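To start, the structure itself, in structure tokens.
The values are calculated or read from the model by the stated rules, or taken from the named source; none is laboratory data. Fair warning: this is a prediction, and the values are worked out from it, not measured in the lab. No Cβ is skipped: glycine too gets one built from the backbone with ideal geometry, and neighbour counts run over all protein chains shown. The area values use the complete protein model at the heavy-atom level, side chains included, leaving out ligands, DNA and RNA. Shrake-Rupley method; radii C 1.70, N 1.55, O 1.52, S 1.80 Å.
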Amino acid sequence: MTTTAPAAENAVREDGPGPVLEVSGLDVHYGRGRKRRRALHGVTLDVAPGEAVGVIGETGSGKSTLARTVLGLVPASAGSIRIAGEDVSGHGPRHWRDLRRRGVIQYVFQDPLRSLDPDLTIEDSLTEPLLIQGVRRQEASLRARSFLDRVHLTADLLGRLPGELSGGQRQRVSVARALVTGPRLVILDEPVSALDSANRVQVLEILKELRASGVALVLISHDLGSVAGTADRIAVLYQGGLVETGTARDVVSRPQHPYTRLLLGSAPTLRGRPAGRAEREALRALLSA
Ligand SMILES: Nc1ncnc2c1ncn2[C@@H]1O[C@H](COP(=O)(O)OP(=O)(O)OP(=O)(O)O)[C@@H](O)[C@H]1O
């Protein structure tokens, strides 16, 4: 088996300060009355400073809902969320806006064009969150340059529009924009899925550097293989509930839940060979039993 080596084990979790993110018993519903549907139930997850946690699940499992709820964009119907020790569960829209504006928590969309305004130059995209916080333009420009450097891009891109960059460069600019406010937690939705292998490796390297600098990361993906090498821990989401959480190494080498085994079967880079049809059907049967 060509298992990708998992990142550092949970040293930070054992000795470091309290979690940056603490989600406990989270339920989320969409719709009202007869159209009310449960999207998440009983989700409990914490992320320590400098820890990368992968949230893995198929389409519709609730990954984006979890991210959007943690960002205050979707209300929770039950449970609690603490961000950097602050209980944000009861926050109204104004409090959430303030929290996002402070930049403690940032989000990088799967499609970098969604994170970046197509009409703003890269420099303006990078300085905007700082100017909103009241940072002076000159200082904001200096910081923009240093963050561009941090994602291994050069200052000659600052005058360009997002449409004038490659997909990989855009994704790195999105990561830089998420970083300028000095967030404690960055949630990245499918950070590398749309990238070719060279850009994928570069972005994953940047994420590892970030983690090493103490930023907590939540890496959302349908593809266990794309985040297992970067995440310390993996949380597996199935039909709105977490069915398995463990170190990346344990989840990859000793998956406990049939759904995790099914996901591993679709990640041949981790498993050495894809699961055969009979094996997939047997696992599906176990899941619906
Ligand atoms: N705004 C919404 N209104 C009603 N139902 C929604 C809404 N957003 C998501 N859902 C439903 O909630 C469930 C979870 O969706 P969610 O988008 O969180 O899944 P996901 O795992 O992120 O999927 P994908 O990988 O396709 O983005 C799905 O059944 C989806 O149809």
Exercise for the section: From ILE187, ILE220, ILE206, grab the single residue that is at pLDDT 80 or above, surrounded by fewer than 22 Cβ atoms within 10 Å (Cβ to Cβ) and β-branched (Val, Ile, Thr). Expected result: ILE206
Problem - Any hit, segment 97-107, residues being within 12 Å of the ligand (Cβ to nearest atom), open to solvent by 30 Å² or more (accessible area, probe 1.4 Å) and among the aromatic types (Phe, Trp, Tyr) - result: no
Exercise for the section: Consider GLY42 carefully, then state whether it is surrounded by fewer than 19 Cβ atoms within 10 Å (Cβ to Cβ), in a strand (DSSP E or B) and touching a strand residue (DSSP E or B) at 6+ places or on another chain (Cβ under 9 Å). Expected result: yes
Practice task
Look at VAL192 and say whether it is within 16 Å of the ligand (Cβ to nearest atom) and β-branched (Val, Ile, Thr).
Solution key: yes
Exercise for the section: Can you confirm whether segment 105-120 contains a residue that is touching a residue at least 24 places away in the same chain (Cβ under 8 Å) and in contact with a His (Cβ under 6 Å, 6 or more places away or on another chain)? Expected result: no
Handout entry: Filtered residues of segment 242-267 (kept if surrounded by fewer than 17 Cβ atoms within 10 Å (Cβ to Cβ) and either within 16 Å of the ligand (Cβ to nearest atom) or aliphatic (A, V, I, L, M) (or both))
Key = SER266
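So that you can scan it fast, the table gives a plain yes or no per residue for (1) surrounded by fewer than 18 Cβ atoms within 10 Å (Cβ to Cβ); (2) under 20 Å from the mean Cα position of the chain (by Cα); (3) part of a helix (DSSP H, G or I); (4) within 16 Å of the ligand (Cβ to nearest atom):
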residue: ASP46; (1), (2), (3), (4): no, yes, no, no
residue: THR59; (1), (2), (3), (4): yes, yes, no, yes
residue: ALA67; (1), (2), (3), (4): no, yes, yes, yes
residue: ALA76; (1), (2), (3), (4): no, yes, no, yes
residue: ARG94; (1), (2), (3), (4): yes, no, yes, no
residue: ASP117; (1), (2), (3), (4): yes, no, no, no
residue: THR127; (1), (2), (3), (4): no, no, yes, no
Exercise for the section: Please state which of the following conditions GLU164 fails to meet, knowing it meets all the rest: (1) within 16 Å of the ligand (Cβ to nearest atom); (2) open to solvent by 50 Å² or more (accessible area, probe 1.4 Å). Expected result: (1)
Exercise for the section: Mind counting the residues in segment 217-241 that are closer than 21 Å to GLY18 by Cα and away from the ligand (no atom under 16 Å from the Cβ)? Expected result: 4
Fill in the blank from the handout: Those residues of segment 20-39 that are surrounded by 21 or more Cβ atoms within 10 Å (Cβ to Cβ) and away from the ligand (no atom under 16 Å from the Cβ) come to a total of 2
Fill in the blank from the handout: Contact list, first residue from segment 215-226 and within 16 Å of SER64 (Cβ to Cβ) and without any contact (Cβ under 8 Å) to a residue 24 or more places away in the chain, second anywhere and away from the ligand (no atom under 13 Å from the Cβ) and in a loop (DSSP other than H, G, I, E, B), beta-carbon distance below 8 Å, six or more apart or interchain, is none
Handout entry: Meets criteria (more than 16 Å from the ligand (Cβ to nearest atom) and either modelled with pLDDT under 85 or in contact with a helix residue (DSSP H, G or I) (Cβ under 7 Å, 6 or more places away or on another chain) (or both)) for GLY214
Key = no
